[in-house]
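First the structure, in the form of structure tokens, and then the observations on it.
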Amino acid sequence: LRRELGIPTDAKVVLSVAREHPTKNHAVTLAAHARIARAHRDVWHVFVGQGTEALRAEARSLGVGDRVATHAGLYGDDLVGAYQQADLFVLASRFEVFPLTLLEAMAAGKAAVVSRVSGCVDLIEDEQNGLTVPVNDAPALAHAVERLLADDPLRDAMGERNRAVARAHDWSQIARDG
């Protein structure tokens, strides 16, 4: 994915997987990325999902168009590869029921920064397997992302905890326990 999207191999990659829709709050995620990118030229944000190509114009207007990449859709091994190549997962939704993309990122061993909404906080325990931030708070989102990108041991430990949480949500496990 990095090669396909023109992302340098040494760049830090923050990944969001969600279609472009107001509830997914990509505008706040972009605003947070603009704050991060001022201080960290090596950080890219990749948005994967239907309609995310519309975010390119907004990224350019924020001055970060050269460090934002979009992909309309990845599936199967290509999507798994995107999770594996990312350093961190972000989901800044205004509303969630049960975010499968968050669970997928967790299964790939990624730490996550999520908004404090139902669904996300059902999977992410703040400071344990990720960080939670208030909804619509770009400065808090930027701070949380910067914190995890700067602390490899913390990010890695959270990612390992997420693998265990994801295993507990595996359908075969749920069916066996049901």
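The values are calculated or read from the model by the stated rules, or taken from the named source; none is laboratory data. These figures come from a predicted structure and were not determined experimentally. Every residue, glycine among them, receives a Cβ derived from its backbone with ideal geometry; neighbour counts consider all protein chains shown. We work out accessible area using only protein heavy atoms, side chains counted, and drop any ligands, DNA or RNA first. Shrake-Rupley method; radii C 1.70, N 1.55, O 1.52, S 1.80 Å.
Before moving on, here are some points about what is shown:
- Just one of the listed residues (Ala86, Ala11, Ala27) is touching a Lys or Arg at 6+ places or on another chain (Cβ under 7 Å) and of a type in the set (A, V, I, L, M), and it is Ala86.
- Taking helices (runs of 4 or more DSSP H) as the structural unit, those lying wholly within region 22-111 and holding at least 2 residues that are within 14 Å of the chain's Cα centre (by Cα) and in contact (Cβ under 8 Å) with a residue 40 or more places away in the chain correspond to 26-39, 76-85, 100-107.
- Just so you know, in region 115-129 the residues that are open to solvent by 60 Å² or more (accessible area, probe 1.4 Å) and part of a loop (DSSP other than H, G, I, E, B) include one that is farthest from Ala157 (Cα to Cα), and it is Ser118.
- Set side by side, the residues Leu100, Leu62, Leu74, Leu88 differ, and just one is in contact with a strand residue (DSSP E or B) (Cβ under 8 Å, 6 or more places away or on another chain) and surrounded by fewer than 22 Cβ atoms within 10 Å (Cβ to Cβ), which is Leu74.
- Evaluating Thr132 against the criteria (1) part of a helix (DSSP H, G or I); (2) more than 25 Å from Asp78 (Cβ to Cβ) leaves one unmet condition, (1).
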